[in-house]
Amino acid sequence: MEPKPEDYDFDLESALGAVVALRATVPGDAHSAERLGTERAGNACVISREGLAVTVGYLVTEAEQVWLVTNDGRVAEADVVGRDHGTGLALVQALQPLGIEPLRLGRSANVAVGDKVVVAGAGGIAGSVAARVSACQEFAGYWEYLLDNAIYTAPAHPHWAGTGLLAADGGLVGIGSLFVQQATERHDAIDVNMMIPIDLLPPIIDDLVRYGRTQRPARPWIGLQASEFGETLVVVGLTDDGPAAKAGVRVGDVIVGVGGDPVSTLGDLFRRMWATGDAGVNIDLDLRRNGAEYVISVKSIDRTRNYKTPKLH
């Protein structure tokens with residue numbers, strides 16, 4: 001599955017040199033430690049000559065130490081300069097020169113199903129996968145996360161977190177987020193990677209560098225995990241001491257609407273919640289429990305309120 005330089009119209013080896021390994025440590029009492037662990041490893045894509053790199057946010061959420069490792073074995077400590085929960089992207093800054101030619105940002109809007117791409121991981125050609133785009137479609141994550149037009153690639157990269165999705169012209173068009181399964185026309189399933197479109201980065205990059213987060217109002221978050229079972233939405237988990245749990249929502253509740261508007265998919269649920277207002281607004285959940293109908297009002301919060309602030313050097 002390794003890409004071959006002769007198959008591409010750009011300098012593949014040079015481009016792969018801009019994808020570095022990332023290691024992060026997180027305090028044991030961090031909000032994300034139980035779910036994501038205290039030792040995290042993945043990849044990051046260098047996008048400036050000054051050593052600014054983009055990665056997937058969960059690798060560095062609440063990180064107290066971050067290191068970048070180049071393909072020739074050099075190690076540089078880095079700071080987390082910004083993270084955006086809405087897109088799932090994060091920026092880290094190397095604290096010493098990396099001497100790496102950065103990747104050029106491409107246009108994920110130009111990516112089409114069937115396109116030949118490279119899922120680039122640290123380690124050069126040996127750490128990368130020659131792939132094709134298998135789908136461009138909505139992705140809804142049970143943790144209150146939604147992408148309108150995620151990019152899916154196959155075959156799947158086994159170490160996908162923070163990988164760079166390189167288009168046929170060598171431009172960076174996505175960042176590796178997940179390893180998931182995708183149904184085919186024959187109704188079987190294949191392993192694929194879900195990529196965050198890079199077009200989501202330019203509108204927020206200045207805010208992330210300057211403030212550590214975007215300056216747009218935070219979306220409401222209620223700490224509810226739901227899954228789709230056919231056309232039924234069911235609560236499958238609740239964040240301990242989160243807003244939904246405190247309001248009386250229970251695992252097993254069926255979500256039939258938000259504020260009187262019916263919902264049947266995760267995408268419907270999140271869009272309706274976020275349309276209610278900014279973080280702090282009350283979210284009225286229309287629920288069915290043991291055959292009875294309930295309306296439970298949940299006081300939303302800004303989800304970042306629970307997270308430790310990254311330590312800067």
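Can you give me the angle between helix 266-275 and the longest principal axis of the chain, using Cα atoms only, in degrees from 0 to 90, rounded to the nearest 10?
Once rounded, one gets 80 degrees.
In whole Hz, with x marking every Gly and Pro, tabulate ³J(HN,Hα) for the stretch 82-97 from phi via Karplus 6.51 cos²θ - 1.76 cosθ + 1.60, θ = phi - 60°.
Once θ is set to phi - 60°, the couplings for the stretch 82-97 become x, 8, 10, 5, x, 8, x, 9, 9, 10, 10, 10, 5, 8, 8, x Hz.
Number of Lys pairs in the chain with C-alpha atoms less than 22 angstrom apart, excluding same-chain neighbours closer than eight positions? It would help to have the intermediate numbers written out before the result.
Values: LYS4/LYS116; LYS246/LYS299; LYS246/LYS308; LYS299/LYS308.
Lysine pair count for the chain: 4.
Could you work out the relative contact order of the chain? I mean the mean sequence separation of Cα pairs under 8 Å and 6+ apart, divided by the number of residues, in percent. Can you show the working numbers first?
Details: 809 pairs, mean separation 49.8, N = 313.
Computed value for the chain: 16 percent relative contact order.
In deg cm²/dmol and to the nearest 500, what is the mean residue ellipticity at 222 nm of the chain if only DSSP H runs of at least 4 residues count, each as -39500 (n - 2.57), divided by the residue total? Could the numbers behind the result be given before it?
On the way: 5 runs with 31 residues, N = 313.
Theoretical 222 nm ellipticity from helices: -2500 deg cm²/dmol.
Which of THR70, PRO102, SER264 sits closest to the plus end of the dipole of the chain, meaning its Cα is farthest towards the positive end, when Lys and Arg get +1 and Asp and Glu get -1 on the C-beta?
The residue sitting most towards the positive pole is SER264.
What is the ratio of the Cα radius of gyration of the stretch 1-143 to 2.2 N^0.38 Å, with N the residue count, to two decimals?
Values: Rg = 15.8 Å, N = 143, 2.2 N^0.38 = 14.5 Å.
Compactness ratio reported: 1.09.
Have a look at MET194, LEU233, LEU172 and report the one farthest towards the positive end of the charge dipole of the chain, computed about the Cα centre with Cβ charges (Lys/Arg +1, Asp/Glu -1).
Farthest towards the positive pole: LEU233.
With no solvent and one point per C-alpha, what does the Debye sum give as log10 I(q)/I(0) for the stretch 108-203 at q = 0.19, 0.20, 0.22, 0.24 Å⁻¹?
One equal scatterer on each Cα of the stretch 108-203 leads to -0.84, -0.94, -1.13, -1.32.
Quick one: putting +1 on the C-beta of Lys and Arg, -1 on the C-beta of Asp and Glu, what dipole do you get for the stretch 108-203 around its Cα centre, in Debye to the nearest 20? Don't jump to the answer; show the numbers that get you there.
Working: 3 positive and 9 negative charges, 57 e Å.
Here the size comes out at about 280 debye.
Evaluate 2.2 N^0.38 Å with N set to the residue count of the chain, then give the Cα radius of gyration divided by it.
1.03
Hull surface divided by four, with the convex hull built on the Cα atoms of the stretch 155-255: how many nm²?
Values: hull surface 40.9 nm².
If you wrap the Cα atoms of the stretch 155-255 in a convex hull and average its projections, you get 10.2 nm².
Let me spell out the model: positive unit charges on the Cβ of Lys and Arg, negative unit charges on the Cβ of Asp and Glu, origin at the Cα centre of the chain. What dipole size does that give, in debye rounded to 20? Could you put the intermediate results ahead of the total?
Details: 27 positive and 40 negative charges, 133 e Å.
About 640 debye.
Coordinate-derived values only; no laboratory data. Please read all numbers here as calculations on a predicted model, not as lab measurements. For neighbour counting, all protein chains shown are included, and Cβ atoms are generated from backbone atoms with ideal geometry for every residue, glycine included.
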